[in-house]
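Below is one structure, written out as structure tokens; the observations come after it.
Derivation of every value follows stated rules applied to the coordinates shown; laboratory data play no part. Here the structure is a predicted model, which means the values were calculated and not measured. As a convention, Cβ positions derive from the backbone with ideal geometry for all residues, glycine included, and neighbour counts pool all protein chains shown.
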Amino acid sequence: MTANPIPRPQGDLGIAEFASSWRAYCSQFGQLLQFDMVLARYRGATEALCFVRYEAEHAAHRLMRAAGAVQHGGQLMFAVDTTTAPDRAAIPAAPSR
């Protein structure tokens with residue numbers, strides 16, 4: 001039996017561009033040490049699980065407030081629908097440093 005391919009993000013963004021746009025969003029909060037994105041399918045929807053690590057703790061707290069990230073195994077983790085690009089309409093603006 002062949003597994004179904006993970007669907008690409010809808011709209012104009014491909015997977016690489018989708019990940020790049022979220023990396024850029026996260027970098028607004030401080031110096032990134034790590035950004036990883038894993039696509040997961042749950043109940044028919046595809047979500048992107050983002051794992052982030054910052055150089056400074058205050059940057060982590062900013063992302064937690066803005067995007068609802070939670071701490072998980074020494075990293076921050078948050079999930080986004082693959083149809084959602086980090087634009088001003090969908091995500092709160094990054095707080096000033």
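Summing +1 for each Lys or Arg and -1 for each Asp or Glu, what net charge is found among the other residues whose Cβ lies under 15 Å from the Cβ of Asp36? Show your work: numbers first, answer last.
Details: positive: Arg23, Arg53; negative: Glu47.
Net charge around Asp36: +1.
May I ask you to list the trypsin sites (Lys or Arg not before Pro) in the stretch 12-51 that are in a DSSP loop and have at most 10 other Cβ atoms within 10 Å of their Cβ?
Sparse-neighbourhood loop trypsin sites (Lys or Arg not before Pro): Arg43.
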